[in-house]
Structure formats: C-alpha cells, structure tokens
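Undergrad: Take this structure, written in structure tokens, and hold onto it; I'll ask about it next.
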2 protein chains.
Amino acid sequence: MATIRTKSKSSSGQAQIPNPSLSVKRITIVEVAKAARVGTMTVSRALNRPEMVSADLRKRILKTVEDLGYIPNRVAGGLASGTAKAISVIVPTLNHPVYVPFLEGLYSLLPQEGYQILLGTNEYQLDAEENLIATLLGWQPDAIVIAGVDHSLRTRNMLAQARVPVIEIMDLTEVPIDMNIGFSHEQVGIATANFLADRGYRHIAYAGMLSQLDLRGAKRMKSFVTTLKRRKLGHYIVSNDKPSSIGVGKTLMVDLLEKHPQVDAVFFANDDLAAGALFECQRRKIRVPKDIAIVGFNDSEIASQVNPALTTVSTPRFEMGRLAADMLLRRLRGTRVDSARIDIGFRIVEREST
Amino acid sequence: MATIRTKSKSSSGQAQIPNPSLSVKRITIVEVAKAARVGTMTVSRALNRPEMVSADLRKRILKTVEDLGYIPNRVAGGLASGTAKAISVIVPTLNHPVYVPFLEGLYSLLPQEGYQILLGTNEYQLDAEENLIATLLGWQPDAIVIAGVDHSLRTRNMLAQARVPVIEIMDLTEVPIDMNIGFSHEQVGIATANFLADRGYRHIAYAGMLSQLDLRGAKRMKSFVTTLKRRKLGHYIVSNDKPSSIGVGKTLMVDLLEKHPQVDAVFFANDDLAAGALFECQRRKIRVPKDIAIVGFNDSEIASQVNPALTTVSTPRFEMGRLAADMLLRRLRGTRVDSARIDIGFRIVEREST
DNA sequence: TTTGCTTATGATAGCGTTATCACGATTTTT
DNA sequence: AAAAATCGTGATAACGCTATCATAAGCAAA
C-alpha cells in the first residue's frame, strides 16, 4: 500500500517569516510604562502583584498591555528575580506507559501556578543523566523532579548542591536526597509472589527487562524470586533488553514457553508486556488462566480491557505526579512539608487472568 | 485488595535541604574567571566557542570549571544573547497515543543541539491555547511547534508577531503561518471509505469523538461520509465526547451495535478505540472481520498485536517530529528551507480485521 | 624598518526585568 | 495639631551573561 499524498502542489514556496535579525524591536516593559505614563515598576507590579497598585492605574496599565500586545519576558524576569518559575523533570523515557500519567499529574497543577516544566529524558542511560541534569540546572529551576532513587554520586552531588527542592519519585529510599514519593518495589515483588503462591501456582516466572534498563523492575524481580524460593516453589526468569512493548511481551512469552513449558503463572514487568503475552496465548489457544496465569504491573488501561482482563498491580502514577507537584508547591510557598518521604502504596487488582 | 505500604517508619522527618534563601552564593562565570586568572569573556568563549581560545588556556579554564562545579546560567545567557535556546511545543494532550511518538521525534534531535523543549498542553481547549502560547512566548523561544492548523485569529497573530520560526504539524493547510508538516485528513477519510467500499462492505460507520475535541478526526469523518454518500452506501456515525481510550472504544461499539445492527464495517478515530471495540466483539463472539470489519487509525503498536491484527492507517508520527526538528534546526542555522509545507503522507495497512 | 593584518584576550555596556529603598500623599494615632 | 504609620509610586541598581569594540602581541608584507 503506497503512501498517499495530496495530489496537487504539495510544497509551496519559501517560508513567509522574514529573518528574525531584521525584525522590529520587541515591546518591553519600558514601552508599556511610557504608553501608560507610569514607571516600569508599576507595570511590573500591576502584572505580578496587582493588589499593590491602585485600581484605576491597574486598569489603565492592563489596557495598555493588551493594546500593545506586551508579553513579559520571563527570561529577563527570571534573571532579575532569581526564580525562573520553572521546574525540571527528569524521566527515563516518554516511550513507556508509566511516565505519561505521572507527567499529567504534574501538568495538572504546576502550569496553573505559573511554573513551566522543563522535561528531559535520558533514555535509560545513567551517564546521560548527569549531562541532562547539568543542562536542566542551567535554567535555574525552582525545583527538580527526578524518577528513581538510584543515581550516580555525581548526580546526587549536583542535585544537592543545586540548593533547590528535589523530589525523587517512583521508588522509595531510606536516604532521599531531599523529598521522596513512591512505593516499595521490593514489597510489590513479595506481595505478588505470595499472591500467586497462595492461589496454588507452583511454577512461577518473572518476565521483563533486567539490569540498567529497568532498575525498579529488577528490584521487583529480586524480591519476587526470593519469596518464591523461601516458599520452595519453582521460579523462572525470562528477560529481553529491548524497550518494553506489547511485541516484546509476545517474544517473552514465546521464549518462556519454549524454555520452561511447565510454567503455570507469570508476573510481567508491566501491562504492555502482559497483554502481548496474552495475545500470544490467544493465538496458541493457550487458556488463561487455566493453562497459565498472567499478572501485569501498573494497571494501565489495557489491563482492564483485554479478554480475559488482566490481574495486575495498581500503582497510582497520576496521583504520584499530582502529589509531587503539590508537595513542591507547598515547599516553594515556604510552608513546612512535614513528611519528606511518602510511601504511596500499591494494590493488587485481581481480575480474570489468575 | 487493600493498598500495601511498607510497614516500618513510613515517612521520616523534615526535608534535608536548608532554606534556599540562606544558601551560599552560586558560582558564576566571574568566580571561574578569577580562579583561572582570565576575563569572563574568555571563560564564556572557552565554553561556547572553544576554537576561539588558545589550547592551553582552554584546558586551564575547563579544568577550573570542572573543579568549581560551575554550571552556566542559561537564563542570564539567554537574556544577554537574545536567544534562550528553547523551543516551545504545544500539543493538545499527552494522554493520547499520537503525541508521544511525535515528541520523541523532537527529543531525538533538539536536545543534542542544545535546545530545551518547553512543552505545553492545552487539553483540547482552544481558549487555553491562547494563554498557553502567551506563556510560552514569554520564554523567548527560538522556535514554536504547534499541533494542528486551526487556530483562533488571536493565536495566529501572536504566533506571527513572535517573529520566530513556527511549524504547524499533524495536519495540512494551504495557508500555514510559516512552516507546515503533516498529511491530509480529508484524504485519509476518502481513502479509507474507498478501501472499505472496494472490499464490498455496504453498511459502514465512523466512530470517534466529534467537534472541538478532535478537529482532525472530524475532518476524516466528513470526507469519509461524503465519499460513502457519493458511492451510495449506508453510512452511520457514533460519537462520544470523553477522551479517547480503549474503554471508550468498547462503549462506541456497544452503541453502534444497538443503533445500527446492520453495520458491517467501522472506521475508528484511532487504534485504541478500535482495539476496545475488537475486545468487545471478542466478548460477544462477534467475528471480526466476518461479521464486522474494523479499521483503526495511526498504526500504534496495539493495532499490530491484537487478534485479529487491525487494519489501520499508518501515520508517521515519530518521523513527523524528527522532520519538524530537522527543519527548525536548519532554519535556525540560517539555511534556506526550500519547502515550507510538506505532505508527509499516510498509508493504509491491511491486516486481518478487514 | 614600518605598515598592515591576524589572532587572542579583556573591558565595558547592555539584555529586560525585579528588589530595594526613597519619597510624597494620605490616613491614623496620640 | 503634631507625630507616626501606611500606602502608592518611581528611581536606581543589580541579576549573570554575551556582543562589541579595543588592545596587545605576533607575524607577514612592503
């Protein structure tokens, strides 16, 4: 099937906007002040602390601002005030269902308080993280949000020296750099192992990425396996180091069935993987949960919609983002934040796949 | 199933970082210059245009920078140079499978060239778009990327007056503000209608959101229906104004089967909706494509993985992002960009659901 | 040798805001 | 009525960097 493009004149001529260097001078606060016959400070106040300016003057200034189409230069304002009204956010990747809901949680609160989010992704490379943080710190953010609690020493130092609120999310640590919101991945592994063992499964596998690529998954895997061992049950591991996706879930399932045909339950590193595995079972007419039970992780939408619906571990990602934003805002307002470390918990959601 | 939290001391005491206002003075370029016994300009050059500084001096300066842990203040630099090295990006929402791959395309090129992405979402509200743009323009971005080609007059004016490269994406228009990369949603509607009609389907439906919430979907729907009419085929529409998701796909399918039981093919506004509908068919033992054919839109991963795999319209989202980034970078480097409007096309991918 | 041309470095003046202090004009208190 | 406090406004000096011009040193050309 060939790519379809519009038949007619597909691409028109030159770009229409002239060279910016020739452009007319932008309107600054000085122009506004002149036009409104006041000082620049009064304009600044009318915009930022309206209650400090008398009602009629404020009205006049706001009208002038509107008429001239003045847009305050945040870069200049940031330099002058020392606070750029920006918050740096570092996540491993956007290409994973976990981080988007978390970001939406942040976006649901921060912009309306005037904060711009500066998003950086390190694509799971720990060394890239250091550069990324240096870059993001250069914007003089008012706070930093970073996924995970396992950072290089240099990263920790840079973050601590930034002398700015830092919040580590998605995982828990006993020694946060500053604030920390998340849940215990070790506990997830234990709970899931017990859940499956209690339901009578005897040959239980973990499937996901390992090592650097999914540090938190590795934590779940470790405690999952330890728990199974303690309960003297068969345990198996299949892994794949490609970025997580439905297709990789299929591969993992194929792999698992080949290597360990006796397996009767699998805990996947996330719901996409679990769904991919489920689809593969459908194709092979393997009955879920009768022949094999599947447990996902995150409670993404897909988990509740497939047939059979997936048992999974519900993690409050949106809420984590919102709570993180809320804690930061309170901290930035100067309010004391009394718990620097919040265990937001998780829940096993039992559906039809176990 | 109760939420599980770590048993022990769940939240520890106070945040560890002291009040920023008490903090020691940050290291600036002046400190570096003093320590390296050079002028500030030489430090600036050593960092930004290393070829302008003699090799030994450069080495000394870079070592000093390293020793002191100096991080250049981009806000100050941006103010001084007039270019903040930032690019504003406006998308409707993150909560939709289309925008993330597009953003990844941008992220695959812009940060490595030193540009920070300033991301804003308007959650589909056109009036929010104006505020958002004003906010983002305040950062003096070097360029602006915006999803869609249908903007309010005010928005168009603000963008044009910003005197900065603007690139509209995801859709095509004859009158771009500046640059434009996308494909024709009208053509998608026509092509899909013809595709289904040619395969013998006679009672064909469109299912998706309508109106403001999905302007581009509405364009597809319109030309889809027009084409069906021209071919004298039955056409039906079901819609729902909740944000698109797998669950909504199920609802739409339920709705459709109830209102128009004679339907034999459906074109969904995206793959998530289509997948949700497919899952509902599975539950009801409706055979796809025998009883009803399903076509999705976007070629997201889920489309190729479900059973039966979904026929869908492949849209190059990542590539669109990458191409947009590439065009912007060339423009920012001063190179002439010879086509201001690119029709990137689409492809119907036939799989098992038709 | 003198002149001119590079090249490497530094001094200085902004960039567009906001913090701060100062100053009248009011209002309140004594 | 005088003194004190409060309020609204503006002048000015940063904020930390880079553009620009000036200068010194080195070297080639005349």
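Coordinate-derived values only; no laboratory data. Note that the structure is predicted; figures quoted are calculated from it, not measured. In this analysis, Cβ positions are derived from the backbone assuming ideal geometry, glycine residues included, and neighbour counts consider all displayed protein chains.
Undergrad: With a/c under 1.5 counting as rounded, go ahead and sort the protein assembly as shown into rounded, prolate or oblate using the C-alpha gyration tensor (a ≥ b ≥ c being the square roots of the eigenvalues; past the cut-off, prolate if a/b is larger than b/c, else oblate).
TA: Details: a/c = 1.96, a/b = 1.22, b/c = 1.60.
In terms of gyration-tensor shape, oblate.
Undergrad: Consider all pairwise Cα distances in segment B:245-339 and report the whole-number % of them above 16 Å. Don't skip to the answer; put the middle values down first.
TA: Working: 2623 of 4465 pairs.
Across segment B:245-339, Cα pairs with separations above 16 Å total 59 percent.
Undergrad: Taking the convex hull of the Cα atoms, report for segment A:31-178 its projected area averaged over all directions, in nm². List each step's numbers first, then the result.
TA: Details: hull surface 42.8 nm².
Convex hull of Cα atoms, orientation-averaged projection: 10.7 nm².
Undergrad: Okay, moving on. Label position 7 Å from Cα toward Cβ: report the copy-to-copy distances for residue B:222 in nm, one decimal, ordered from shortest.
TA: Label-point distances to the other copies, shortest first: 5.8 nm.
Undergrad: Taking all pairs of different Cα atoms in segment A:302-342, averaging 1/r and flipping that mean, what Kirkwood radius in angstroms comes out?
TA: Working: mean 1/r = 0.0793 Å⁻¹.
Every distinct Cα pair counted, the radius reaches 12.6 Å.
Undergrad: Whole number please: convex hull volume per residue, Cα atoms of segment B:185-314, in Å³. Display every interim value, and only then the final one.
TA: Numbers: hull volume 11.5 nm³, N = 130.
Per-residue hull volume (Cα only) is 89 Å³.
Undergrad: When every alpha-carbon pair in segment B:154-200 is counted, what percent end up more than 12 Å apart? Let's see the in-between values first.
TA: Details: 731 of 1081 pairs.
The calculated P(r) of segment B:154-200 puts 68 percent of pairs beyond 12 Å.
Undergrad: Oh, and also: Identify which of B:105, B:69, B:82 has the largest mean-square fluctuation in a Gaussian network model of chain B, with springs joining Cα atoms closer than 10 Å.
TA: B:69
Undergrad: Using a Gaussian network model of chain A with C-alpha springs under 10 Å, which one of A:108, A:223, A:81 is most mobile by mean-square fluctuation?
TA: A:81
Undergrad: Kirkwood hydrodynamic radius for chain B: how many Å is it when counted over pairs of different Cα atoms? Before the final figure, lay out each step's value.
TA: Working: mean 1/r = 0.0423 Å⁻¹.
Here the Kirkwood hydrodynamic radius works out to 23.6 Å.
Undergrad: Could you give the alpha-carbon Rg of segment A:25-72 over 2.2 N^0.38 Å, rounded to two decimals?
TA: 0.98
Undergrad: Given only helices, namely DSSP H runs of n ≥ 4 each adding -39500 (n - 2.57), what is the per-residue ellipticity at 222 nm of the protein assembly as shown, to the nearest 500 deg cm²/dmol?
TA: Working: 26 runs with 296 residues, N = 708.
Mean residue ellipticity at 222 nm (helix-derived): -13000 deg cm²/dmol.
Undergrad: Only Lys, Arg, Asp and Glu count, each charged at its Cβ (+1, +1, -1, -1), so figure out the dipole size of segment B:185-314 about its Cα centre, rounded to 20 debye.
TA: Numbers: 18 positive and 13 negative charges, 105 e Å.
Taking the Cα centre of segment B:185-314 as origin, the dipole is about 500 debye.
Undergrad: Pull out the extension gain between residue B:52 and residue B:3, defined as 0.36 nm times the separation in residues minus the alpha carbon to alpha carbon distance; nm, one decimal. The partial results should precede the final answer.
TA: Numbers: separation 49, 0.36 × 49 = 17.64 nm, distance 6.02 nm.
The residue B:52-residue B:3 span can extend by a further 11.6 nm.
Undergrad: Per residue, how much space in cubic angstrom lies within the convex hull of the C-alpha atoms of segment A:57-134? List each step's numbers first, then the result.
TA: Values: hull volume 10.0 nm³, N = 78.
Considering the Cα atoms of segment A:57-134, their hull volume per residue is 128 Å³.
Undergrad: Please build a GNM for chain A, connecting alpha carbons under 10 Å apart, and tell me which residue among A:216, A:202, A:336 fluctuates the most.
TA: In this elastic network of chain A, the residue with the biggest mean-square fluctuation among A:216, A:202, A:336 is A:336.
Undergrad: Okay, next question. Using alpha carbons only, how many angstrom separate the centre of segment A:136-205 from the centre of segment A:290-310?
TA: Segment A:136-205 and segment A:290-310 have Cα centres separated by 25 Å.
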